[in-house]
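Chemist: Just dropping this structure here.
The values are calculated or read from the model by the stated rules, or taken from the named source; none is laboratory data. Computed from a prediction, not measured in an experiment: that's the story for all the values here. Every residue, glycine among them, receives a Cβ derived from its backbone with ideal geometry; neighbour counts consider all protein chains shown. The protein model used for the area step is the full one, side chains on, heavy atoms only, and it has no ligands, DNA or RNA in it. Shrake-Rupley method; radii C 1.70, N 1.55, O 1.52, S 1.80 Å.
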Amino acid sequence: MKNKKNIILDFLSYIKDEKKFSNHTIRAYEYDLNEFKIFLNKYSKGIDIQNIQASSLQFFIQTLSKIGLEGKTIQRKVSTIKSFFKYLTENQIIDFNIAELIHVPKASKRLPYLLSENEIIKLMKLPDLSCYNGIRDKSILEILYSTGLRISELKSIKLDDIDLNKKLIKVLGKGNKERYVILGKESLNSLADYLKIRDDKKNNYFLYPNIYKKNNQNISEKTLFNIVKKYLKMISNNEKLSPHSLRHSFATHLLENGADLLAVKDMLGHEDLSSTQIYTHVNIKKIKEVYRKAHPHG
């Protein structure tokens with residue numbers, strides 16, 4: 001049996017070393033479990049996690065709802081706790097998995113924030129192509145929109161992952177699953193332009209290196225986020241727009257122009273089709289607009 005004082009740390013080591021979860025996911029799990037531990041200390045008189053009742057779990061979920069957290073956030077926290085208690089059961093730290101009795105609340109599906117095709121055109125004209133940063137930024141914007149990549153995937157691309165002749169990039173997605181994404185004409189051209197002026201002095205094998213550090217370090221997600229956000233602010237006052245909005249725009253524009261839902265699912269690297277189906281709601285909205293304008297009785 002493992003040391004009771006370190007069961008959370010043991011679990012985090014397990015999902016890192018054996019399950020190979022991403023650093024982002026591990027941080028989220030750590031935050032959720034520490035939040036749950038603080039809750040127990042406050043409301044359950046400091047009872048050990050392995051000795052709590054199902055009612056304590058249910059009360060925790062109710063408390064999250066009362067403070068106004070979104071359903072999707074609560075759903076994630078419940079999923080974290082379920083994974084944790086499954087681990088405790090499998091390692092015989094507890095005899096019975098009480099988390100199996102907990103119902104996961106359904107999260108309402110909010111339509112994604114995205115850009116119109118005209119806004120995309122305006123966005124791509126913003127970078128200053130007379131300087132290094134502008135050429136680099138144009139390639140970042142074009143690749144994100146052309147492929148639907150997450151910024152976490154974009155930052156990890158290595159030079160060896162790119163095949164300009166086949167117009168493909170090998171990507172390491174969630175759960176360390178590999179997939180290939182296709183480069184469109186504009187993204188291919190902007191990438192080729194960037195590679196011509198990319199600084200190779202540090203012999204960094206990442207497509208977008210961290211210019212302030214040595215030893216083959218890639219650009220950070222924060223830096224990528226800030227680069228994209230800067231241009232988004234130039235074309236829209238919508239503060240909800242983010243680099244992920246380019247991913248949403250990629251999927252939505254594909255479906256609006258007749259792409260198959262299953263193909264879009266594979267391009268996005270979704271594990272489950274239900275994750276992709278949110279974009280069909282956006283597409284239906286577009287269809288209704290066309291119907292109202294074109295049908296005699298619309």
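Chemist: Can you find a residue that is closer than 15 Å to R136 by Cβ, without any contact (Cβ under 8 Å) to a residue 40 or more places away in the chain and open to solvent by less than 90 Å² (accessible area, probe 1.4 Å) anywhere in region 201-208?
Modeler: yes
Chemist: Also, quick follow-up: Among the residues of region 18-37, how many are farther than 13 Å from S83 by Cβ, more than 21 Å from the chain's Cα centre (by Cα) and free of Cβ contacts under 8 Å to residues at least 40 places away in the same chain?
Modeler: Residues in region 18-37 being farther than 13 Å from S83 by Cβ, more than 21 Å from the chain's Cα centre (by Cα) and free of Cβ contacts under 8 Å to residues at least 40 places away in the same chain: 2 in total.
Chemist: Also, I was wondering about something else. Kindly provide the set of residues from region 232-248 that are more than 23 Å from M267 (Cβ to Cβ) and touching a helix residue (DSSP H, G or I) at 6+ places or on another chain (Cβ under 9 Å), ordered by number.
Modeler: Across region 232-248, the qualifying residues are M234, I235, S236, N238, E239.
Chemist: In addition: Which helices (runs of 4 or more DSSP H) does region 129-206 wholly contain that include 2 or more residues that are modelled with pLDDT of 95 or more and touching an Asp or Glu at 6+ places or on another chain (Cβ under 8 Å)?
Modeler: 132-147, 185-197
Chemist: Here is a follow-up. Which one of these is under 22 Å from L123 (Cβ atoms), in contact with a Pro (Cβ under 8 Å, 6 or more places away or on another chain) and surrounded by fewer than 16 Cβ atoms within 10 Å (Cβ to Cβ): K233, K229? I'd like the intermediate steps shown before the answer.
Modeler: Details: K233 fails: in contact with a Pro (Cβ under 8 Å, 6 or more places away or on another chain).
Unique residue meeting the criteria: K229.
Chemist: Sticking with this one: Output the qualifying pairs, or none if there are none: Cβ atoms under 7 angstrom, residues six or more apart or on different chains, first residue in region 90-103 and within 20 Å of K77 (Cα to Cα), second residue part of a loop (DSSP other than H, G, I, E, B) and of a type outside the set (K, R).
Modeler: I98/Q53
Each row is one residue, and each column tells you yes or no for (1) open to solvent by less than 40 Å² (accessible area, probe 1.4 Å); (2) on the phi < 0 side of the Ramachandran plot; (3) modelled with pLDDT of 80 or more; (4) out of contact with any strand residue (DSSP E or B) (no Cβ under 8 Å at 6 or more places or on another chain).
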{"site": "Y43", "(1), (2), (3), (4)": "no, yes, no, yes"}
{"site": "F60", "(1), (2), (3), (4)": "yes, yes, yes, yes"}
{"site": "L64", "(1), (2), (3), (4)": "yes, yes, yes, yes"}
{"site": "I67", "(1), (2), (3), (4)": "no, yes, yes, yes"}
{"site": "R76", "(1), (2), (3), (4)": "no, yes, yes, yes"}
{"site": "T80", "(1), (2), (3), (4)": "yes, yes, yes, yes"}
{"site": "L88", "(1), (2), (3), (4)": "yes, yes, yes, yes"}
{"site": "Q92", "(1), (2), (3), (4)": "no, no, yes, yes"}
{"site": "N97", "(1), (2), (3), (4)": "yes, yes, yes, yes"}
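Chemist: Of the residues in region 13-35, how many are within 15 Å of L88 (Cα to Cα), open to solvent by less than 20 Å² (accessible area, probe 1.4 Å) and of a type outside the set (V, I, T)?
Modeler: So the answer is 1.
Chemist: Let me ask something else. Name the pairs whose Cβ atoms lie under 9 Å apart, with the first residue in region 104-128 and farther than 19 Å from L254 by Cα, the second at pLDDT below 85 and in a loop (DSSP other than H, G, I, E, B), and 6 or more positions between them or separate chains?
Modeler: A107/E70; S108/E70; K109/Q277; R110/E70
Chemist: Just checking, does region 223-239 include any residue being assigned to a helix (DSSP H, G or I), of a type in the set (D, E, K, R) and within 17 Å of the chain's Cα centre (by Cα)?
Modeler: Looking for residues that are assigned to a helix (DSSP H, G or I), of a type in the set (D, E, K, R) and within 17 Å of the chain's Cα centre (by Cα), one finds at least one in region 223-239, hence yes.
Chemist: Taking interchain pairs and intrachain pairs at least six residues apart, which have beta carbon atoms under 6 angstrom, with the first residue in region 243-256 and in a helix (DSSP H, G or I) and the second open to solvent by less than 10 Å² (accessible area, probe 1.4 Å) and among the β-branched types (V, I, T)?
Modeler: Correct list of pairs: P243/V228; A251/V264; L254/V264.
Chemist: Kindly evaluate N176 against the criterion of being of a type outside the set (A, V, I, L, M) and open to solvent by 80 Å² or more (accessible area, probe 1.4 Å).
Modeler: Here the answer is yes, as N176 does meet what is asked.
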